[in-house]
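Take a look at the structure below.
The values are calculated or read from the model by the stated rules, or taken from the named source; none is laboratory data. Owing to the predicted nature of the structure, the values given are computational and were not obtained by experimental measurement. Cβ: placed from backbone, ideal geometry, glycine included. Neighbour counts: every protein chain shown.
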């Protein structure tokens with residue numbers, strides 16, 4: 001019952017309620033991760049897509065957690081902005097990035113609900129890494145449409161979903177409303193990574 005209630009709050013709750021749930025999980029250590037490094041054989045495949053489409057560009061990471069993405073990806077970006085509703089996760093991210101002198105000055109973090117966050121620049125990539133399914137389905141199109149205005153003319157959305165069948169409704173929604181540039185579906189995993197553009201002529 002607790003698990004169901006938590007899932008409901010993460011998707012439908014107020015910002016305060018969401019923050020309380022996520023903060024509790026970060027405080028408990030649930031989202032502590034092991035850093036594999038940039039040349040490890042177990043390296044997360046999302047980084048290859050970020051480096052391909054964001055090399056020398058700017059990245060907006062919506063649902064950044066404690067900063068794993070910016071800590072693990074190669075140091076080839078111009079600017080990175082991470083957003084998460086958990087202020088504890090953001091605090092952990094800021095502490096972690098402060099130890100990475102070579103990239104820290106190009107990184108900013110904000111505490112915000114990703115649906116309502118308003119960027120102050122345009123980005124080469126807007127990333128939803130295991131975060132878009134925490135947005136109510138009927139709000140996703142409007143959110144994506146709004147963020148489209150914060151993409152550069154050659155910019156892309158990158159969406160990572162851990163289970164392409166479980167979230168096939170979201171996959172279909174993206175396919176119906178955006179131009180799919182790449183779709184990564186490894187045979188040995190349920191993972192899907194979708195690179196897409198609001199520009200049908202991309």
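For the reader, a short list of remarks on this structure follows.
- Scanning the range 95-105 for residues that are touching a strand residue (DSSP E or B) at 6+ places or on another chain (Cβ under 6 Å), surrounded by fewer than 14 Cβ atoms within 10 Å (Cβ to Cβ) and either within 18 Å of residue 124 (Cα to Cα) or modelled with pLDDT under 95 (or both) turns up nothing.
- Residues that are touching a helix residue (DSSP H, G or I) at 6+ places or on another chain (Cβ under 9 Å) and not in a strand (DSSP E or B), drawn from the range 121-151: 132, 133, 134, 135, 136, 137, 140, 141, 143, 144, 145
- Restricting attention to the range 137-146, the residues that are under 16 Å from residue 161 (Cβ atoms) and surrounded by fewer than 14 Cβ atoms within 10 Å (Cβ to Cβ) add up to 1.
- The residues listed here are 194, 114; of these, the one that is assigned to a strand (DSSP E or B) and surrounded by 17 or more Cβ atoms within 10 Å (Cβ to Cβ) is 194.
- Enumeration of residues in the range 148-159 that are within 13 Å of the chain's Cα centre (by Cα) and more than 12 Å from residue 196 (Cβ to Cβ): none
- Against the conditions (1) touching a strand residue (DSSP E or B) at 6+ places or on another chain (Cβ under 7 Å); (2) under 20 Å from residue 193 (Cβ atoms), residue 74 satisfies every one except (1).
- In this entry, residue 121 passes the filter for residues that are surrounded by fewer than 15 Cβ atoms within 10 Å (Cβ to Cβ) and in contact with a strand residue (DSSP E or B) (Cβ under 8 Å, 6 or more places away or on another chain).
- Subset of the range 152-168 (residues that are surrounded by 11 or more Cβ atoms within 10 Å (Cβ to Cβ), under 24 Å from residue 44 (Cα atoms) and either in contact (Cβ under 8 Å) with a residue 12 or more places away in the chain or touching a helix residue (DSSP H, G or I) at 6+ places or on another chain (Cβ under 8 Å) (or both)): 155, 156, 157, 158, 159, 160, 161, 162, 163, 164, 166, 167
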